[in-house]
1. Test residue 236 against the stated conditions and say whether it is more than 34 Å from the chain's Cα centre (by Cα) and of a type in the set (Asp, Glu).
2. With the structure loaded, tell me whether residue 171 is basic (Lys, Arg), assigned by TED's automatic domain parsing to the domain that holds residue 111 and surrounded by fewer than 19 Cβ atoms within 10 Å (Cβ to Cβ) or whether it fails that test.
3. List the residue pairs whose Cβ atoms are under 8 Å apart, where the first residue sits in the range 29-41 and is closer than 8 Å to residue 4 by Cβ, the second is assigned to a loop (DSSP other than H, G, I, E, B), and the two are 6 or more positions apart or on different chains.
4. Among (1) within 38 Å of the chain's Cα centre (by Cα); (2) under 23 Å from residue 227 (Cα atoms); (3) surrounded by fewer than 16 Cβ atoms within 10 Å (Cβ to Cβ), there is one condition residue 300 misses while meeting the rest; what is its number?
5. Test residue 150 against the stated conditions and say whether it is in contact (Cβ under 8 Å) with a residue 40 or more places away in the chain, assigned by TED's automatic domain parsing to the domain that holds residue 76 and on the phi < 0 side of the Ramachandran plot.
6. Would you please name the residue that is farthest from residue 57 (Cα to Cα), looking only at residues in the range 1-47 that are over 48 Å from the mean Cα position of the chain (by Cα) and of a type in the set (Asp, Glu)?
7. Keeping to the range 220-247, report how many residues are touching a helix residue (DSSP H, G or I) at 6+ places or on another chain (Cβ under 6 Å) and closer than 24 Å to residue 302 by Cβ.
8. From 109, 62, 80, 84, grab the single residue that is more than 29 Å from residue 2 (Cβ to Cβ) and not β-branched (Val, Ile, Thr).
Amino acid sequence: MQIGEVIRSSRKKIGLTQEEMANRLGVSTPAVNKWENGNSMPDITLLAPIARLLEITTDILLSFQEQLTDGEVNALIKELDDKLKKESYAETFAWAKKQMQRYPNCETLMFRMALVLDARRCLNEVPDSETYDSNIIRWYTDALNSGSEDVRETAADSLFGFYVRKGQHEKAEEYLQYFGEQNPERKRKQAVIYSKTDRMREAYQTYEELLFNGYQMMSMVFHSIYTLRVQEKDKEKAHMLVDKQKQLARVFDMGEYQAVSAGLELAVAEQDSEKTIAIMERMLASIEEICAFHKSPLYEHMTFQPPREEFLAEIRKNLLNNFRDEETFDFLKGNKRWQDLVR
């Protein structure tokens, strides 16, 4: 946006006419008209009074272009990267600051330049690296007010990492609020803070909760992909996904029941009598291990209630009722082994 357009839009926003603005500034109405039409520029001594009158900052007044296209931002980031390879960090940093001053309202440019500059000084030996802290921290902090959730979270992540590296763990912890309550990354970062501040039990427990919840999510995802493969009649991939689910249950110490039950649905779909009955028998035999994870060293800092006998008996009863469903297991009619199992 050109300075004349900024003046015109800001003047109209507060309800001033060109004549009223001219009178307040001590200039002629045609002068204001020329500014707004881009035929001339205000005298440098009038910039601060114009900004105050229009209730904007001089940065906004001088923002000849508030936003850049994605292509323009990418071009500037590429130029920044090229300069970092050819010129000193100090020279490149000064150039980047000028670009940000030129486009102070383009948060995407400011944020992406901050990321590149910060990453480069972390990866390379940069003389007097700490002298750049204040600028980079300010750019990240500005990005926390972005309308984009991704930008806010990435900025918070960068600030978290910065203060962890500095050993300022209490300050780093403040930025966890920018991550959603259900975001696993928030928990992982919290565990990092626990471990850095000698709260080892809390760190273990938090990591273990991530493992436990991670299994539940991954198991559901595997099953969802498996369902898609079945719909597409891709038998080979369906079997592969069932095998992966079994491996997943064993890797996460979920017990034999969880591992063997993963194959029941596919065995029924293929009407494989021997495999279906074998899985049924193993599920019934491993009911007592349905909560095997609560004995696993993977989750030793988590608290679980051991399953009651009544609970296990109810699961056995429900399983047998399900296995008796003649519509689902119609292909097993007449099979003595199945009849003996569900009797």
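The values are calculated or read from the model by the stated rules, or taken from the named source; none is laboratory data. Quantities reported herein were computed from a predicted structural model and do not represent experimental measurements. Ideal geometry is used to build each Cβ from the backbone, glycine not excepted, and the neighbour counts take in all protein chains shown.
1. Judged against the criteria, residue 236 is not a match.
2. Judged against the criteria, residue 171 is a match.
3. Partner pairs satisfying both residue conditions: 35/41; 35/42; 38/2.
4. So residue 300 meets the others, but not (2).
5. no
6. 19
7. 3
8. 84
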